[in-house]
1. Of A:Lys30/B:Lys142; A:Lys142/B:Lys142; A:Lys142/B:Lys30; A:Lys70/A:Lys142, which ones are farther than 27 Å apart at the Cα?
2. At 10 °C and 1.306 mPa s, what whole-number value in µm²/s does Stokes-Einstein give for the translational diffusion of chain B, with Rh from the Kirkwood sum over Cα pairs?
3. Could you order peptides A:28-34, A:99-105, B:72-78 by the average number of other Cβ atoms within 10 Å of their residues, highest first?
4. Which percent of the Cα-Cα distances in the protein assembly as shown go past 29 Å?
5. How about segment B:65-171: which GluC sites (Glu not before Pro) there are in a DSSP loop, with at most 11 other Cβ atoms within 10 Å of their Cβ?
6. How far is helix A:47-75 tilted off the main Cα axis of chain A, in degrees rounded to 10, range 0 to 90?
7. Over the whole of B:138-149, what's the average partner chain Cβ count within 10 Å per residue? Rounded to a whole number, please.
8. Taking chain B as the reference, fit the longest principal axis to its C-alpha atoms, fit the long axis of helix B:115-134 to the helix C-alpha atoms, and give the angle between the two in degrees, 0 to 90, nearest 10.
2 protein chains.
Amino acid sequence: MATTEYSRPTFYLYFNDLHGFMETLLDEVKVGIVEGARAWLSNEGDAVGGLRQSLTTLVDVAHQHGPILKAVADAAPGDARLERVWEMFLGSFDEVVSARIAQDQAAGLTPDFEPLPVARALNRMDAGMLIQAFGSGEKAPKDVVLSAIMRVWLSTLYPFDAAASIEQIGR
Amino acid sequence: MATTEYSRPTFYLYFNDLHGFMETLLDEVKVGIVEGARAWLSNEGDAVGGLRQSLTTLVDVAHQHGPILKAVADAAPGDARLERVWEMFLGSFDEVVSARIAQDQAAGLTPDFEPLPVARALNRMDAGMLIQAFGSGEKAPKDVVLSAIMRVWLSTLYPFDAAASIEQIGR
DNA sequence: AGATTTAGTGACGGGATGTCAGATACGTTC
DNA sequence: GAACGTATCTGACATCCCGTCACTAAATCT
């Protein structure tokens, strides 16, 4: 509000709370990510191509809204409700990713392992990596970040496809 | 201090600062992790076995000191100095892991990719996953967490070994 | 013009962090 | 055992941040 022509209390006319404000911001980013994830989750076309596309748009969205993600993640531990919201935000991806993994395991594309914990691990990797790379002012180069997380996702979920995939990822 | 027989100001006789206290706590946990990581980083014996052992002790240490890790990670964004300390803490692992990856790439054990970003991604995964699993009161089962991150590390770094490794990981 | 709704602000209360002068306990020296 | 110096501790204060509220100003309606 200090950078505004309005006073601090005016803020509270439009938002319940600092944490409520964070929720509002997060909701806007969420739709972008969910939309981008459809490419892989919808299960049309090949799995590897879909995953590659979904991760690419994920990195794009995170690159664009990095500071918001960092702000929410930073503020979450200070407020029980916001922490729950953030946990749910990540948890929702855990579930859909886990479901997709189970599908691919049934189809023989993916090795057999417990889908949920691995989905959780991969999603935490994305969150931590993207916030670290794009959260502050000087952002890391998008392509480097993308290759790294793409590498990990592909070799974990589609290792049989690795030989073909690796060339497309490049070094 | 409220749970103590001493008053609040007494705290400041022993610590500069709340954040200084966090640094002290973190230092104690760090030695445990570094010690456990030697199995893999020292490069004695086979790489897969070393990594497996290092990850096992990492999960042990995190399970033991989870709340400390969460407390530091939560407090870091609120203080520039502590945030730097936390960044350095994670960054130090990025570097040693990256060096080890480069070695294994030269030896043909690991596919060719940029070691540093992948190391960063894997380490952020560990941090996020371990804090989420062991940070709060009710801790997740150790073995589930361990299998998940082990799966990701092994399939990313030693995919050629995957067939043999997967059986030992189990589902 | 008068009334009613909307928009905005100064001033306050509450909670958390950190500081400081003074008090208390303890050991040392004569 | 009295005086002194030192280590330990605390009540009270200053500061900052969040959120609220009574009150004012502007805009819209009758």
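Throughout, read-outs are computed from the coordinates displayed, never taken from laboratory work. In this text the structure is predicted, and so the values were computed from the model without any measurement. Neighbour counts are summed over all protein chains in view; Cβ atoms, including those assigned to glycine, are modelled from backbone coordinates with ideal geometry.
1. Result: A:Lys30/B:Lys142; A:Lys142/B:Lys142; A:Lys142/B:Lys30 exceed 27 Å.
2. The Stokes-Einstein estimate is 92 µm²/s.
3. B:72-78, A:99-105, A:28-34
4. 41
5. Loop-located and lightly packed - B:Glu138.
6. 20
7. 3
8. Helix B:115-134 and the main axis of chain B meet at about 50 degrees.
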